[in-house]
Amino acid sequence: MRTTRVLAASAAAAALVGVAAPTAAAWDQPSSVTAAPNVIARGGQLVLTVKGGDACATAGSTISSNAFPTTNLASMGGTTATATATVRVNSDASPGSYSVTTHCEGERKTFTGVFTVIGGVRGGLGGGSSTGATTTDMAIGGALVTAAVVGGGVFWMRRRSENKA
């Protein structure tokens, strides 16, 4: 009786492992996508690295986003399953966070928030976005002029009193 129970438990465990193994090995999907740099201006060049997915290290694998056109991934070689792609962000990409989608061996996986596009910088005097002096600028300037007049008056009054003595 005891042997029958052990054999039944062993058969059940083997069946569970047998059912789960093909599912786990069906597709070695990528585990992460990193961008260097992860904050970039429109029109800049971006290097994307896909890690942990033997499927993406094969020919014909691509990576895509709304910020750049679909680009082929190239295997980094070696013992690690790593692929990379160098892309140029569209010059008309909107500022914000972007996701990328890998397409490896017919399977797609999307990674959110991989990189951020920032808007262009305004040129000119310090890249300011306003024209003319603000209220704060006027208050600071007025305080500095007042301090200079008071300080000059005190200095002049002291010098004047020294000449009379």
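Of the conditions (1) modelled with pLDDT of 90 or more; (2) under 13 Å from GLN29 (Cβ atoms), GLY52 clears all except one; give me its number.
The one condition GLY52 does not meet is (1).
Being at pLDDT below 85, more than 30 Å from SER32 (Cβ to Cβ) and out of contact with any Ser or Thr (no Cβ under 8 Å at 6 or more places or on another chain), is that true of even one residue in the range 133-154?
Scanning the range 133-154, I find at least one residue that is at pLDDT below 85, more than 30 Å from SER32 (Cβ to Cβ) and out of contact with any Ser or Thr (no Cβ under 8 Å at 6 or more places or on another chain), so the answer is yes.
On the given criteria, is GLY78 modelled with pLDDT under 65 and either of a type outside the set (Val, Ile, Thr) or open to solvent by less than 80 Å² (accessible area, probe 1.4 Å) (or both)?
The answer is yes for GLY78.
The values are calculated or read from the model by the stated rules, or taken from the named source; none is laboratory data. Quick caveat, the model's predicted, so the values are computed rather than measured. So basically every Cβ, Gly included, is an ideal-geometry build from the backbone, and we count neighbours across all protein chains shown. Just so you know, the surface numbers come from the protein's heavy atoms only, side chains and all, with ligands and any DNA or RNA stripped out. Shrake-Rupley method; radii C 1.70, N 1.55, O 1.52, S 1.80 Å.
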